[in-house]
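A.B. asks: Just dropping this structure here.
Computed from the coordinates by the stated procedures, all read-outs in this text should not be read as laboratory data. Remember, it's a predicted structure, so these values are computed and weren't measured experimentally. Please note: Cβ atoms are built from the backbone with ideal geometry, for glycine as well, and neighbour counts cover all protein chains shown.
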Amino acid sequence: MYYTYARLAGHGFSPDSVYNGAFFNAKLREFGFDLRDEPNNAPTAGLVYIPVAWLDPVPAKIAWSVLSLAAFAFALKLLFDLSGVRPAGIAGLLMLTLVFLWRPAYDNVAFGQVYFVLLLLFALSMKGAGTGGKALTAIPLASAILVKGYGVIPAILLPLERRWKESFLVVAIVVLIVIATLPLVGTASWGVLLSKVLPSLGSLPSDGNVAYQTINGFLRHFFTFDPQWLPHPLIVLPDPSVRALGYGIGLCLVCLVLLRARFESSQDRFLSFSAALAAGVVTAPIAEEYHFVLFLPLVFALCSRVSAPGFPWRENVTVTVILALALLLMAAPLHYKVLQDSPFPVSLLSYPRLYAGLAMLWCSGRVETGGTPDKATKAR
């Protein structure tokens, strides 16, 4: 999808019809892909692939993998800096081990996904927020929003922290990039995205497949029926009720994460930003395994806290145990997709990434960071 979007933009095709399934799949075949796909991303999503889109698909995939892994390495360096953990220390080596066991990271490479680049953008934005760099905070965040939309919830933290200039910059940059790329992506594509694609995103029967480890996917799997995709619901509810329930639970979760956000120190800010980013994944209409690469900042934030000297272990036994189990569920190569057609209650075992993500968000609300206010906070 990213490659085809980029080819359409880079070779002069008008992508006003890009959300037409027949048109898009014809282009997929023309560019050498023997598969079908339903485009549901923003027209700007594929712009990140333009540097490699001039290559044939296989060389483009190899080149993208190299660039993606370089972005991943840089992002990890920034996450170590933000968490205050030394990579050569015991805690750092344990965290590196966890990173290399992180199954979503392997899927990101295997499927040529963009989440290492997004991870780098978010790490740069967090770095900017910690140092008071307005442009470094806003530009990567706005870019991430235009690629996948996951930056919207972290962006809400900016006005909550009274970072008015950064908030304005994010909005302004998004608008400017959309206007600047209109010659490449057209105008009608945005209209179709906003009027047809986004309102229906996550509402198809196939969106209840266990591949989508989100609240919406969970509810669709257990409360809607489809002979092909969802043959064993627990209870069949009207589709509008399932959608309203998904929106309601997701909104409540996001509000809880935002209300718990703290900004007294750089560690507070890092944890709050990471939790907001992670909340966007589990509340997304659809999110496959590789989306959970975006949980790595929260992993660093939580692990740096529980490994810090003086951490009150006795008072936080439950949090520590739940966090350890959540990390195991998230990192392990579990074959949960084979449970797609399993009846209840076995089907409850098919959402390990969602359970792990929710558990980590729960832990983020129970781990107090505290600390001395940093210079940037004092200055504001």
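A.B. asks: For the chain, set up a GNM with springs between Cα atoms under 10 Å and report which of LEU328, LEU119, LEU141 has the largest fluctuation.
C.D. replies: The residue with the greatest mean-square fluctuation here is LEU328.
A.B. asks: Write down the radius of gyration of region 39-115 and its Dmax, each obtained from C-alpha positions, in Å.
C.D. replies: Calculated on Cα positions, Rg and Dmax stand at 15.2, 44 Å.
A.B. asks: Please express the shape of region 70-137 as an equivalent ellipsoid: the semi-axes are the square roots of 5 times the eigenvalues of the C-alpha gyration tensor, given largest first in whole angstrom. If you can, show how the numbers build up before the last one.
C.D. replies: Details: eigenvalues 90, 67, 9 Å².
Taking √(5λ) for each eigenvalue gives 21, 18, 7 Å, largest first.
A.B. asks: Which ordering of ILE235, ILE145 is given by a fewest-first count of other beta-carbon atoms within 10 Å?
C.D. replies: Ordered by Cβ neighbours within 10 Å, fewest first: ILE235, ILE145.
A.B. asks: Can you tell me how much longer the chain between ASP56 and LEU348 gets when fully stretched, taken as 0.36 nm per residue apart minus their C-alpha distance, in nm with one decimal?
C.D. replies: Values: separation 292, 0.36 × 292 = 105.12 nm, distance 4.19 nm.
Taking ASP56 through LEU348 to full extension adds about 100.9 nm, to one decimal.
A.B. asks: Scan the chain and note any complete DSSP helix (H) whose C-alpha atoms cover at least 27 Å along its axis and whose Kyte-Doolittle average is 0.0 or more.
C.D. replies: Both cut-offs are met by 57-83, 239-259.
A.B. asks: If you line up the Cα atoms of region 143-268 on their principal axes, what length do they span on each, largest first, in Å?
C.D. replies: Result for region 143-268: principal-axis Cα extents of 51, 43, 22 Å.
A.B. asks: Next up: Taking 0.36 nm per residue of separation and subtracting the Cα-Cα distance, what length does fully extending ARG260 through VAL338 add?
C.D. replies: Computed gain between ARG260 and VAL338 is 24.4 nm.
A.B. asks: Order these by the 10 Å Cβ neighbour count, fewest first: ASP37, ASP207, ASP107, ASP81.
C.D. replies: The order, fewest Cβ neighbours first, is ASP37, ASP81, ASP107, ASP207.
A.B. asks: For region 189-342, what number results from the quotient of the Cα radius of gyration and 2.2 N^0.38 Å?
C.D. replies: Ratio of Rg to 2.2 N^0.38 Å for region 189-342: 1.21.
A.B. asks: Still on this structure, I have one more. If you stretched the chain out fully between ALA308 and SER206, how much longer would it get, using 0.36 nm times the residue separation minus the C-alpha to C-alpha distance?
C.D. replies: Extending this stretch completely gives an extra 32.4 nm.
A.B. asks: Taking neighbour counts of Cβ atoms within 10 Å as a proxy for exposure, in what order, fewest first, do MET1, MET95 appear?
C.D. replies: By the 10 Å Cβ count, ascending, the order reads MET1, MET95.
A.B. asks: Which of the pairs LYS127/LYS148; LYS77/LYS165; LYS77/LYS148; LYS27/LYS77; LYS61/LYS134; LYS61/LYS148 have their Cα atoms more than 30 Å apart in this structure? Mind showing how you got there, number by number?
C.D. replies: Values: LYS127/LYS148 20 Å; LYS77/LYS165 27 Å; LYS77/LYS148 23 Å; LYS27/LYS77 38 Å; LYS61/LYS134 34 Å; LYS61/LYS148 19 Å.
Those over the limit are LYS27/LYS77; LYS61/LYS134.
A.B. asks: Could you work out the Rg to Rh ratio of region 272-373, with Rh taken as the Kirkwood radius (inverse of the mean 1/r over all Cα pairs)?
C.D. replies: 1.02
A.B. asks: Which aspartates and glutamates have a Cα less than 18 Å from the Cα of LYS337, not counting those fewer than 8 places away in the same chain?
C.D. replies: Straight-line reach from LYS337, under 18 Å: ASP107, ASP207, ASP226, GLU288, GLU289.
A.B. asks: Something else now. Roughly how many whole Å is it from the C-alpha centroid of region 282-346 to that of region 82-101?
C.D. replies: 16 Å
A.B. asks: Sequence gap at least 6, Cα distance under 8 Å: using those rules, report the relative contact order of the chain to the nearest whole percent.
C.D. replies: Reported as a whole number, the value is 18 percent.
A.B. asks: Let me ask you something else. Debye calculation, C-alpha points only, no solvent: report log10 I(q)/I(0) for region 246-306 at q = 0.14, 0.20, 0.27 Å⁻¹, in the same order as the q values.
C.D. replies: -0.40, -0.77, -1.12
A.B. asks: Write down the radius of gyration of region 1-139 and its Dmax, each obtained from C-alpha positions, in Å.
C.D. replies: When restricted to Cα atoms, region 1-139 yields Rg and Dmax of 17.8, 54 Å.
A.B. asks: What is region 131-210's relative contact order, in percent, from Cα pairs under 8 angstrom and six or more apart in sequence?
C.D. replies: Values: 34 pairs, mean separation 22.4, N = 80.
In percent, rounded to a whole number, it is 28.
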